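The values are calculated or read from the model by the stated rules, or taken from the named source; none is laboratory data. These numbers were taken from a predicted model, which means no experiment stands behind them. No Cβ is skipped: glycine too gets one built from the backbone with ideal geometry, and neighbour counts run over all protein chains shown.
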Amino acid sequence: MKRLLLCAAALATVTLRAFAGDPDPAQWDKVLAEARGETVYFNAWGGAENVNAYIEWAADEVARRYDVKLVQVKLDDTANAVAKVVAEKAAGRNEGGTVDLIWINGENFASMKRQGLLMSPGWAEKLPNWKYVDVEGKPTIRTDFTIPVEGLESPWGMAKLVFFHDTARTAPETMPTSAKALLEWVRQHPGRFTYPQPPDFTGTSFLKQVLSEVVTDRSALTKPVDEARFAAVTAPLFSYLDALNPVLWRSGRAFPQNYPAMKQLLADGEVDIIFAFNPSEASNAIASGELPDTARSFAFPAGTLANTHFVTIPYNAAAKAGALVVADFLLSPEAQARKQDPKGWGDPTVLAMSKLGAGDRARFAALDLGVATLPPDRLGPALDEPHPSWMERIDEEWKRRYGVEN
């Protein structure tokens, strides 16, 4: 017991020492001065060219304005960045870590928060551009997959599940309006729908959407998984998937590896309905030539999953000041407007238009969101994400039941 208490005290001392040395965004001039000349290693998913191009633009801007070098470390899974920080902490590397900034949300944020791997609480809400954030209209900015954020990560963009199709092949009025209707549609059009293979984020999101619609007691999803009840709670989901799997593309014997691969199936005419976690995705894909200009979006009237994605700073980051500068720049009206433009990324803003000056409001108003982007009043209600523990557990059960080697 004495040894355990000593270990706990030592860990607390290390954590407090790290927090005590953290740059304070409330003293922004000092942060800017400390950041000059720093290199920020930004661990971010690298699977989309438009996102990578946006990060390259941001890198050019922070270099020019603040003398901060931003280097994207392209990931295929955010968990890999989390694993790096976990390994560094286990090795006693409590300063000078190799990860400075992470694009994150959901179970990865929950894991880092639980393990004490994040920079001192509250920094995000002290950033100069925080004053523009729409905390009133977008509650997921302060609650990440049911986990309180507590200023441990800075919001970067919004996400909402939308579906799309090619109107040259399928009429808008024939598109399904719910998960149940989607199953019936696929039964009538076998082989014309699929989803990315979990644990791909988009594929798992589809499973969570279905679960949120068919579960008997949705409140169970707001709490950590209870193994004693897991089978009962998820029985409607797996009953749905048992019926869906045989009528999927390739009869459910193969799945696209990720969203870009699924998008290519629509472009090639192999499937008729796909989905993404971005209301502007169809317009963005049209603008980039990845989908025909007849692609259009639709949503389920009763609602689809919605969340916020963030950037966070590990507790042992080597360039904390530089990471703060990057996080603040990504919140700026200029950077947020460029990100929302479908010609670039098309990712919805986290800012409140009412908090912006006239010039910045005009910047957003001038954006052409694209012919395939649904207006907010047609996106349907936002369904809350389940607790992060459901994501991992559902993935495990899906693999046991339907897993394939592509």
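What the table shows:
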item: Options 111, 154, 120: the member that is small (Gly, Ala, Ser) and touching a Pro at 6+ places or on another chain (Cβ under 9 Å); result: 111
item: Complete set of residues in the stretch 369-406 that are at pLDDT below 90, in a loop (DSSP other than H, G, I, E, B) and of a type in the set (D, E, K, R); result: 384, 405
item: Residue 348 of a type outside the set (D, E, K, R), under 19 Å from the mean Cα position of the chain (by Cα) and in a loop (DSSP other than H, G, I, E, B); result: yes
item: Only listed residue being free of Cβ contacts under 8 Å to residues at least 12 places away in the same chain, under 21 Å from residue 147 (Cβ atoms) and surrounded by fewer than 15 Cβ atoms within 10 Å (Cβ to Cβ), chosen from 217, 226; result: 226
item: Flag if residue 110 is outside any strand (DSSP E or B), assigned by TED's automatic domain parsing to the domain that holds residue 322 and without any contact (Cβ under 8 Å) to a residue 40 or more places away in the chain; result: no
item: Flag if residue 51 is within 26 Å of the chain's Cα centre (by Cα), surrounded by 12 or more Cβ atoms within 10 Å (Cβ to Cβ), over 17 Å from residue 319 (Cβ atoms) and β-branched (Val, Ile, Thr); result: yes
item: Qualifying residue in the stretch 333-356 (condition: at pLDDT below 95, farther than 20 Å from residue 58 by Cα, in contact with a Phe, Trp or Tyr (Cβ under 8 Å, 6 or more places away or on another chain) and not acidic (Asp, Glu)); result: yes
item: Matching residues in the stretch 127-169 - criterion: being over 29 Å from residue 182 (Cα atoms), assigned to a helix (DSSP H, G or I) and touching a strand residue (DSSP E or B) at 6+ places or on another chain (Cβ under 6 Å); result: 132, 141
item: Candidates 299, 319 - the one that is in the same structural domain as residue 83 (by TED's automatic domain parsing) and either of a type outside the set (S, T, N, Q) or under 17 Å from residue 164 (Cβ atoms) (or both); result: 319
item: Count of the stretch 353-397 residues which are of a type in the set (Gly, Ala, Ser) and in contact with a strand residue (DSSP E or B) (Cβ under 7 Å, 6 or more places away or on another chain); result: 3
item: Criterion violated by residue 291 - all others in (1) of a type in the set (A, V, I, L, M); (2) in a loop (DSSP other than H, G, I, E, B); (3) out of contact with any strand residue (DSSP E or B) (no Cβ under 8 Å at 6 or more places or on another chain) satisfied; result: (3)
item: Every pair of residues 6+ apart whose Cβ atoms lie under 6 Å, when the first sits in the stretch 132-152 and is closer than 17 Å to residue 388 by Cα while the second is β-branched (Val, Ile, Thr) and outside any loop (DSSP other than H, G, I, E, B); result: 140/308; 141/308; 146/222
item: Those residues of the stretch 286-299 which are in contact (Cβ under 8 Å) with a residue 40 or more places away in the chain and in contact with a Lys or Arg (Cβ under 9 Å, 6 or more places away or on another chain), in sequence order; result: 287, 288, 291, 294, 297, 298, 299
item: Condition met for residue 221 (within 30 Å of residue 320 (Cβ to Cβ) and either more than 17 Å from the chain's Cα centre (by Cα) or at pLDDT 95 or above (or both)); result: no
